[in-house]
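To start, the structure under review is shown below, and the notes come after it.
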Amino acid sequence: MILTVTGRKSGSRRVERVRAIELSDADARPLLRLLPNMVPGWVGFLRQGGLVTDGDPDEFEALLGRMPIFRMDPA
C-alpha cells in the first residue's frame with residue numbers, strides 16, 4: 001500500500017509531504033520485534049486494544065500481517 005500524506009515532523013513547524021510505503025513482511029518483522037523498546041508507549045496502547053498482553057518482542061512479531069508498518073519517504 002502506498003499513501004501520500006502531508007505531515008509535520010516531531011518538533012518542527014515545517015509541513016512536508018511524505019509518501020508512506022507499507023513494508024513487506026520480511027522488512028516489517030525485525031522492526032516489529034524492536035518496537036516495544038523503540039516506542040515503549042505503544043505497549044500500553046496495544047495492551048489496551050487487546051493486541052498484546054506483556055508487550056514482549058514475540059508478541060509484537062505475532063502482529064505481522066495485522067498491524068502494517070510503513071516507511072516514510074519524501075513525496
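Shown in residue order for the range 46-57 are the 3J(HN,Hα) couplings computed by the Karplus curve 6.51 cos²θ - 1.76 cosθ + 1.60 at θ = phi - 60°: 6, 5, 4, x, x, 8, 9, 10, 9, x, 7, x Hz (x for Gly and Pro).
Positive contributions from Lys and Arg (+1) and negative ones from Asp and Glu (-1), summed over other residues with Cβ under 11 Å from the Cβ of residue 32, come out at -2. With the biggest extent put first, the Cα atoms of the range 16-75 measure 37, 24, 18 Å across the principal axes. Each of residue 54 and residue 37 was given a label point 7 Å from its Cα along the Cα-to-Cβ line. The distance between the two points is 1.6 nm. Based on Cα contacts under 8 Å between residues 6+ apart, the chain shows a relative contact order of 37 percent. Residue 52 sits among other residues whose Cβ lies under 13 Å from its own Cβ, and their net charge, with Lys and Arg +1 and Asp and Glu -1, is -2.
Residue 20 sits among other residues whose Cβ lies under 9 Å from its own Cβ, and their net charge, with Lys and Arg +1 and Asp and Glu -1, is 0. In the chain, the DSSP-assigned H stretches of four residues or longer account for a calculated mean residue ellipticity at 222 nm of -10000 deg cm²/dmol, using -39500 (n - 2.57) per stretch and the full residue count as denominator. Between the Cα long axis of helix 25-38 and the first principal axis of the chain there is an angle of about 80°, rounded to the nearest 10. Estimated at 0.36 nm per residue, the fully extended path between residue 70 and residue 13 surpasses their Cα-Cα distance by 18.3 nm.
Only the coordinates and a few stated rules stand behind these numbers; no lab work does. Keep in mind it's a predicted model, so treat the numbers as computed, not measured. A quick note on method: Cβ atoms are made from the backbone with ideal geometry, for glycine too, and the neighbour counts reach across all protein chains shown.
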